[in-house]
Amino acid sequence: QVQLVESGGGLVQPGGSLRLSCAVSGSIASINIMGWYRQAPGKQREVVATIDSGGSTNYADSVKGRFTVSRDTPKNTVYLQMNSLKPEDTAVYYCYVKTRRGFNYWGQGTQVTVSS
């Protein structure tokens, strides 16, 4: 059984930083893409950042220059460093993994709230 366990969410003031982590456990075939999505109240889930097995990254325009996605491949762990946080970054953040065979897995979500 594959599990994605996220940590690092919480409440932070505007301009602050948080680091999210997501550890993948269980029997899972070769992971290709790892990343993060988010969903704010009343909005659709949207991609935040992804990183593939070669280290290539993609970011939503709204987070470019502020967020950094990275991965520790041997540990099957993906990270999201979030700096200069804004109130509009408030959302539930979901870890995402896609295997080379095309199977998708999701974490349970972690709340990030940016507020003074």
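The values are calculated or read from the model by the stated rules, or taken from the named source; none is laboratory data. Remember, predicted model here, so these are calculated numbers, not experimental data. Neighbour counts run over all protein chains shown; Cβ positions are idealised from the backbone, glycine included. Please note that ligands, DNA and RNA were not included when accessible areas were found on the heavy atoms of the full protein model with its side chains. Shrake-Rupley method; radii C 1.70, N 1.55, O 1.52, S 1.80 Å.
To the nearest 10 square angstrom, what accessible area does R19 show with a 1.4 Å probe?
For R19, solvent-accessible area is about 120 Å².
Sequence gap at least 6, Cα distance under 8 Å: using those rules, report the relative contact order of the chain to the nearest whole percent.
Numbers: 283 pairs, mean separation 42.4, N = 116.
Worked out over the chain, it gives 37 percent.
What does the charge dipole of the chain about its Cα centre add up to, to the nearest 20 debye, if the Cβ of each Lys and Arg holds +1 and the Cβ of each Asp and Glu holds -1? Intermediate values should be presented prior to the final figure.
On the way: 12 positive and 7 negative charges, 35 e Å.
Here the chain has a charge dipole of around 160 debye.
Where Lys and Arg each count +1 and Asp and Glu each count -1, what net charge lies around S115 among other residues with Cβ under 13 Å from its Cβ?
Values: positive: K86; negative: E88, D89.
With Lys, Arg at +1 and Asp, Glu at -1, the net is -1.
Under 10 Å, Cα contacts only: if you run a Gaussian network model on the chain, which one of S62, S21, S84 comes out with the highest mean-square fluctuation?
Taking springs between Cα atoms under 10 Å, the residue moving most is S62.
Bin width 10 Å, origin at 0, all Cα-Cα pairs of the chain: what percent of pairs per bin?
The calculated distribution, bin by bin, is 15, 50, 29, 7, 0.
Thinking of the stretch 1-40 as a set of Cα atoms, what percent of all their pairs are more than 16 Å apart? Don't jump to the answer; show the numbers that get you there.
On the way: 400 of 780 pairs.
In whole percent, the share of Cα-Cα pairs in the stretch 1-40 beyond 16 Å is 51.
Check the chain and count each lysine pair with an alpha-carbon distance under 24 angstrom, considering only pairs eight or more places apart or from different chains.
Numbers: K43/K64; K43/K86; K43/K98; K64/K86; K64/K98; K75/K98.
The number of close lysine pairs in the chain is 6.
Which whole-number percentage describes the relative contact order of the stretch 69-116, with Cα contacts under 8 Å and a sequence gap of 6 or more?
32 percent.
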